[in-house]
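Working notes, beginning with the structure itself.
Since every read-out is calculated from the coordinates, none of them should be taken as a lab result. Only a predicted model underlies this, so the values are computations on that prediction, with no experimental measurement involved. Glycine gets a Cβ as well: all are built from the backbone with ideal geometry, and neighbour counts include every protein chain shown.
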Amino acid sequence: MLKTLFTSHKRGFLSLATRTRSGTWRSGFQTIAETWRSGFQVDRSQQNTKQQAGQLNGSPLGSMVSSLVGPREPAPPPQPVMGFFTDTSLCIGCKACEVACKQWNQLPAKEPFWTGSSYDNTGHLSAIAWRHVQFIEEIGQTRPALPLIDIQAAKSNGTIPMTPPGTALPFFNTDRWLMRSDVCKHCAHAPCHEACPTGAIIRTEFDTVYVQQDICNGCGYCVVACPFGVIARDEQETHTARKCTLCYDRMKDGLEPACAKSCPTDSIQYGEVEELKQHARERLGLLHERGLNEARLYGVDDNILDGGLHAFFLLLDEPEVYNLPSNPPRPSNNVVPASLWSIAAALLLSLFGFLFLKK
Ligand code: SF4
Ligand code: SF4
Ligand code: SF4
């Protein structure tokens, strides 16, 4: 209990020396209050939060905190774990999801520019691009591993009508465009969440990862911790870390996220994570039956980041082809070994110092 309270206070006071993006200085107690009310309450990674909060309520420390920050809002009722299944075999690269995300979240556009190397001119996820439709254009490459599909036979046996024209399915073995709508993975154990020193990054009642803009102090620890290059600091306006919210505002009202709603091919599917995973496995089986042996799932099992991803993908090639790490490291796994090495180095230096002074 004391540890929890100390952690909460420590996060609050760490923000004491920082300035908010609105230009005003926050008091430590203001920040503690917000951390306490929102982040601390709904952090699902600490499954015993409710129990801890209950213990604090009855304790002298709990009374002291309550007198400082006022009565706590009740925790939101538990909800099913929600996420995305993105089936890249259905993506046609229309970018409706990108536009819908910008529109719903009122994210600014940037001046269009022509990269010269791709039809993709968004480039990458950023503080103002929370969805990015990646184009992987492989022209004139020979891939003997890909099956040659007899289009006439496929038409007659009904295989082609099952997939909309223009999909990324490799009908030819020389040219292909792979398309993938990239987004925050809402990792089950999110490195950005683990790295955030102020408690600005929380898990919502839907187990999604959410950045509280009024608490983020723009330190950027989350930016370097994310192994997927998703979260970014807005250098132009807010100077806070920003990323996909999984449309938390829409979810609370029972609405589908804007990007999934706008996807014309259902490449982006939204729902309860366990149901989506089951559907992803069935879809993979179907593609394997049709000869797409290189199709695979990414982030469905627990191998990635010790718990899997809540926004996972069906890919048509190896993850590296899509610029995804096949086995991303979880930075917090380095804490214990790095600490032990530091202690060992300190002991060694002390020993040398002792021997030197002894002479
Ligand atoms: S993908 Fe990156 S930004 Fe998104 S939850 Fe995982 S670590 Fe955080
Ligand atoms: S869930 Fe909402 S915030 Fe996230 S990418 Fe889709 S539209 Fe954007
Ligand atoms: S994911 Fe859907 S909306 Fe986005 S580009 Fe692909 S087909 Fe279009």
Residues whose placed amide H lies under 5 Å from that of C244, excluding near-sequence neighbours: C184
Theoretical gain in end-to-end length, L347 to S326 [0.36 nm per residue, Cα-Cα removed]: 3.8 nm
Eligible aspartates and glutamates near K102 by straight Cα distance, threshold 20 Å, same-chain separation 8 or greater: E111, D120, D182, D234, E235, E237, D249, D253, E256, D266
Along each principal axis, Cα extent of the stretch 287-359, largest first, Å: 78, 21, 17
Interchain or long-range residues, amide H under 5 Å from C187's placed H: H310
Distance between modelled label sites at V224 and E138, nm, 7 Å Cα→Cβ extension: 3.5
Rg to Rh quotient for the stretch 167-284, alpha carbon positions, Kirkwood Rh: 1.03
Ranking of W177, W130 by count of other Cβ atoms within 10 Å, fewest first: W177, W130
Listed peptides 184-191, 64-71 by packing density, highest first (mean Cβ within 10 Å): 184-191, 64-71
Residues T265, T198, T122, sorted so that the one with the fewest Cβ neighbours within 10 Å comes first: T265, T122, T198
D (Stokes-Einstein, µm²/s), Kirkwood Cα radius, the stretch 317-359, 0.692 mPa s at 37 °C: 241
Counting all C-alpha pairs of the stretch 200-262, share separated by more than 17 Å (%): 45
